[in-house]
Amino acid sequence: MTRPYEDPLKIKMRERCEIAIDAAGYQLRDVAPIPYPPGSTLKGSVVGDLQAVDADNVVHVYYLRPAASKPLPQWLGNIALAVRRIERVKMYVIVETVSAVLERTCRASGAGLLCLDDNGRFEIVVDVGDAEDAAVREQVRAAVTALRRKLEIKLDLNVDQKKTSFASVVRATSGMSESKRDGYVKDVERQLERWRDWGQDMSARLDEAAASGSMDDVSALETLVDQGVLSKG
Amino acid sequence: MADVGTTTSIRPDQLKKNPNNPRRFFNDERLDLLRTSLQEVGVLVPLIVYEDPSEDDKFVLMDGERRWLSALQLGMETIPVNVIEAPGPLQNLLRMFNIHAVREDWPLVSIALSLGEVSKLANESRESRLAEMTGLTRSTVRRSKRLLQLPQRELELIQTEAHLDRAQQVHREDLYLEIQAAESLLRNEFPEIGRAYRRAHVIRQFARKREEGRLRAVTEFRDLSKLVKTVRANLVPRRKAIRALRRMIDDVDVTPSAVFEEIAAGAYRQQELSKKVSAITELLRGLDARAALDPSVKSALRRLLGELMRVLGVPK
């Protein structure tokens, strides 16, 4: 199979991680899908970027994150929660620098967090056993999931509308001068970009709210999702 | 074998990258929203694929690389696909441009590389025609073509950083557009420089200034165009300009702004002043002497008069 594009930072990180896992005494293995526990509504399976087995035959699944300044995204938080119900499997996120928000959100989700240092060794920042009681967060997580669907619908509608505008602006301006035509086209592209950036920002905030366990945070975000992009366009 | 025009499900590992797909540069973080959505609700919008004519039971991706990438990371067993007829290479490329009407994920370097292919396959180099075929603006077509004229090494440097956020990029597309414009200007204006240095060398030396953190902004190269104007107006001796420019090419620490400030800034400012004074003089000539002037205009003109008397040394 040809692999799709992978972030070059992640490719370099993958090589260093393989050495660090080996140095830690774990046996690297081919990545194999691990089914979610019964009752899980998540689609797919636990795969990770790397997998290894320890002396007790416990499978360690590693997800590599070259950028670590944002909260743990919800898809990884969901996996961390699900893995807690799978016997003999542990899930870790690996970064090269640790941010407070990532550490906090990993702890809240039950994801282990490893920092790969300059010497190619892992420092355990959050161990899997350190996770807070996830059960109390289920209600917040469900609310965040519902809000995320709302965000996606809003985003889809607006992005589709801008794409339609783009198609019609290209047609409608075909007879205009180059500079005038480009001005209209770029304006629609800018509007589209604003919605995309807003979507990314709101998604990161939802990730953080899911980990915070606070219904107040979710309510505040709901207002922002309802408002959408506030500036003109 | 899947029927053309049908929606079906295939394993993600049955998919191959499109050979004519412009190289896409994904910022890993920007896929997080999509991954969460796919994990929670699944892939609802089918990917567009066609059967691989060279390998049984394989499909080539036409649209949906982000969904494919996410499905693989999420360990999905199958994904829905719409199977279309295998297109010809030109059709394939144009369809990509049309599918991604707004090329939100395509950095200029990707657009440029694809456009180069379109141009070759369609045997078409006219800007207007390429813009019509692809839906790109003419200025994007022009900028892409300029980017394609860069030495291969520099193009590769741009590509290796294209997945990074703009703030993290050293070898930015706009840097090279500025460098190329500056290099071309110097080569046309001063054939002596063209004879002394290879084009690729000058571009490399200019890029090094950015790599070494010597530039305040990528637009600093525009100072060279101002310098050229002063040489054309005989305000700065040509030989002096060439000496300074050669120093700038040879020494990575010497910036375009430093050269401009050193030999041409004073003359350039006077040249600009002269143009502006001419424009003001024309405007003043057009004023009716009997017309009542707005107080704010009167006050501005008085201030101008005061400054003129000061600069010309006229006693009050």
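Run down A:Glu189, A:Glu152 and say which single residue is part of a helix (DSSP H, G or I) and at pLDDT 80 or above. On inspection, the qualifying residue turns out to be A:Glu152.
Residue count for segment A:204-229 satisfying the condition of being outside any helix (DSSP H, G or I) and either of a type in the set (Lys, Arg) or under 23 Å from A:Leu81 (Cβ atoms) (or both): 2. Looking at segment A:57-125, none of the strands (runs of 3 or more DSSP E) lying wholly inside it contains 1 or more residues that are polar (S, T, N, Q), farther than 23 Å from A:Ala209 by Cβ and touching an Asp or Glu at 6+ places or on another chain (Cβ under 7 Å). In segment A:145-159, of all residues being at the interface with chain B (Cβ under 10 Å from one of its Cβ atoms) and aliphatic (A, V, I, L, M), the one that is farthest from A:Gly228 (Cα to Cα) corresponds to A:Val159.
Residues that are without any contact (Cβ under 8 Å) to a residue 60 or more places away in the chain, more than 21 Å from B:Arg30 (Cα to Cα) and surrounded by fewer than 22 Cβ atoms within 10 Å (Cβ to Cβ): does segment A:9-20 have at least one? Talk me through it step by step, then tell me what you get.
The first filter runs over segment A:9-20 and keeps only residues without any contact (Cβ under 8 Å) to a residue 60 or more places away in the chain, leaving A:9-12, A:14-15, A:18.
Applying the additional criterion that residues be more than 21 Å from B:Arg30 (Cα to Cα) yields A:15, A:18.
Checking which are surrounded by fewer than 22 Cβ atoms within 10 Å (Cβ to Cβ) leaves us with A:15, A:18.
Checked segment A:9-20: at least one residue is without any contact (Cβ under 8 Å) to a residue 60 or more places away in the chain, more than 21 Å from B:Arg30 (Cα to Cα) and surrounded by fewer than 22 Cβ atoms within 10 Å (Cβ to Cβ).
Could you tell me how many of the residues in segment B:137-161 are touching a residue at least 24 places away in the same chain (Cβ under 8 Å) and touching a Lys or Arg at 6+ places or on another chain (Cβ under 8 Å)? Talk me through it step by step, then tell me what you get.
The initial filter retains those residues of segment B:137-161 that are touching a residue at least 24 places away in the same chain (Cβ under 8 Å), namely B:140-141, B:143-151, B:153-155, B:157-159.
Filter once more, keeping what is touching a Lys or Arg at 6+ places or on another chain (Cβ under 8 Å): B:151, B:153-154, B:158-159.
Counting residues in segment B:137-161 that are touching a residue at least 24 places away in the same chain (Cβ under 8 Å) and touching a Lys or Arg at 6+ places or on another chain (Cβ under 8 Å) gives 5.
Applying the condition of being under 21 Å from A:Ser69 (Cβ atoms) and surrounded by fewer than 20 Cβ atoms within 10 Å (Cβ to Cβ) to segment A:213-228 and asking which residue is farthest from the other protein chains (Cβ to nearest Cβ) yields A:Asp217. The residues listed here are B:Leu90, B:Leu44; of these, the one that is modelled with pLDDT under 90 and within 29 Å of the chain's Cα centre (by Cα) is B:Leu90. Tell me, yes or no, whether segment B:255-268 has at least one residue that is more than 28 Å from the chain's Cα centre (by Cα), acidic (Asp, Glu) and over 19 Å from B:Ala196 (Cα atoms). Yes: one or more hits. Residues that are modelled with pLDDT under 90 and outside any loop (DSSP other than H, G, I, E, B) were ranked within segment B:69-87; the one that is nearest to the other protein chains (Cβ to nearest Cβ) is B:Leu69.
Listed by position, the helices (runs of 4 or more DSSP H) enclosed by segment B:227-316 that each have at least 3 residues that are among the aliphatic types (A, V, I, L, M) and closer than 28 Å to B:Ile179 by Cβ are B:238-250, B:256-263. Only one of the numbered conditions (1) touching a Lys or Arg at 6+ places or on another chain (Cβ under 9 Å); (2) within 25 Å of B:Ala258 (Cα to Cα) is not met by B:Arg166, and that is (2). In summary, A:Gly120 fulfils each of the numbered conditions (1) modelled with pLDDT of 85 or more; (2) at negative phi with the single exception of condition (2). Taking segment B:36-56 as the range and being within 12 Å of chain A (Cβ to nearest Cβ) and among the charged types (D, E, K, R) as the test, the residues that pass are B:Glu40, B:Asp52, B:Glu55.
Only one of A:Glu96, A:Glu103 is surrounded by 14 or more Cβ atoms within 10 Å (Cβ to Cβ), more than 20 Å from B:Ser37 (Cβ to Cβ) and free of Cβ contacts under 8 Å to residues at least 40 places away in the same chain; which? Break it down into steps so the answer makes sense when it comes.
Details: A:Glu96 fails: free of Cβ contacts under 8 Å to residues at least 40 places away in the same chain.
Only one candidate qualifies: A:Glu103.
Anything in segment A:41-68 that is within 11 Å of another protein chain (Cβ to nearest Cβ) and loosely packed, with under 14 Cβ neighbours inside 10 Å? List them, or say none. Listed by number, the list holds a single entry, A:Thr41. The residues in segment B:183-217 that are crowded, with 18+ Cβ neighbours inside 10 Å, among the aliphatic types (A, V, I, L, M) and under 19 Å from B:Glu156 (Cα atoms) can be counted, and the count is 3. Applying the set (1) within 10 Å of another protein chain (Cβ to nearest Cβ); (2) touching a residue at least 40 places away in the same chain (Cβ under 8 Å); (3) surrounded by fewer than 19 Cβ atoms within 10 Å (Cβ to Cβ) to A:Tyr36 leaves exactly one unmet item: (3).
A single member of A:Ala167, A:Ala210 is farther than 26 Å from B:Thr140 by Cα and either facing another protein chain (nearest Cβ under 10 Å) or exposed (fewer than 12 other Cβ atoms within 10 Å of the Cβ) (or both), and it is A:Ala210.
Here is a list: A:Tyr36, A:Tyr26, A:Tyr63. Which entry is over 26 Å from A:Val144 (Cα atoms) and among the aromatic types (Phe, Trp, Tyr)? Step by step, each of A:Tyr36, A:Tyr26, A:Tyr63 is checked, and only A:Tyr26 is over 26 Å from A:Val144 (Cα atoms) and among the aromatic types (Phe, Trp, Tyr).
The values are calculated or read from the model by the stated rules, or taken from the named source; none is laboratory data. Note that the structure is predicted; figures quoted are calculated from it, not measured. So basically every Cβ, Gly included, is an ideal-geometry build from the backbone, and we count neighbours across all protein chains shown.
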